[in-house]
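The structure appears right after this line, and notes come after that.
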Amino acid sequence: MALTRHNDAYRIKMNQKEGYCIMPKTITLRLSDEDFQLFQAFAKSENRTLANTIETLALKQIEEELFADEFEMEEILENKHLLERLKTGSSEAKRMKGRFVD
């Protein structure tokens with residue numbers, strides 16, 4: 001797992017080893033006719049394929065939910081107390097000290 005910066009958002013790359021390429025996966029998605037028409041209209045307005053539209057929108061939503069944007073990251077990096085606690089927690093996790101809290 002590595003922390004990287006991409007498109008002004010911090011991302012965590014998981015399950016990717018150096019030199020290891022993960023092949024694209026095909027999925028089946030069940031949509032109501034109404035939702036299908038909505039996606040198709042959006043795809044057409046953006047000059048995208050339906051598959052590319054769904055993938056792009058899903059990834060954008062994940063990025064917004066899981067990753068800190070540049071303003072959040074700036075706030076985190078300016079909080080010295082938080083950074084110290086994160087370093088301590090990371091160090092303790094590496095030594096398998098402590099416990100997980102639900």
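A few remarks follow.
- The C-beta contact set for the stretch 60-83 (first residue touching a residue at least 24 places away in the same chain (Cβ under 8 Å) and surrounded by 10 or more Cβ atoms within 10 Å (Cβ to Cβ), second residue of a type in the set (F, W, Y) and not in a helix (DSSP H, G or I), distance under 6 angstrom, 6+ apart or interchain) comprises F67/Y10; A68/Y10; M73/Y10.
- Restricting attention to the stretch 19-51, the residues being at pLDDT below 60 and acidic (D, E) number 0.
- Residue, modelled with the lowest pLDDT, within the stretch 84-102, restricted to residues that are exposed (fewer than 12 other Cβ atoms within 10 Å of the Cβ) and small (G, A, S): G98
The values are calculated or read from the model by the stated rules, or taken from the named source; none is laboratory data. On a predicted model such as this, the values are computed, not experimentally measured, just so you know. Neighbour counts are summed over all protein chains in view; Cβ atoms, including those assigned to glycine, are modelled from backbone coordinates with ideal geometry.
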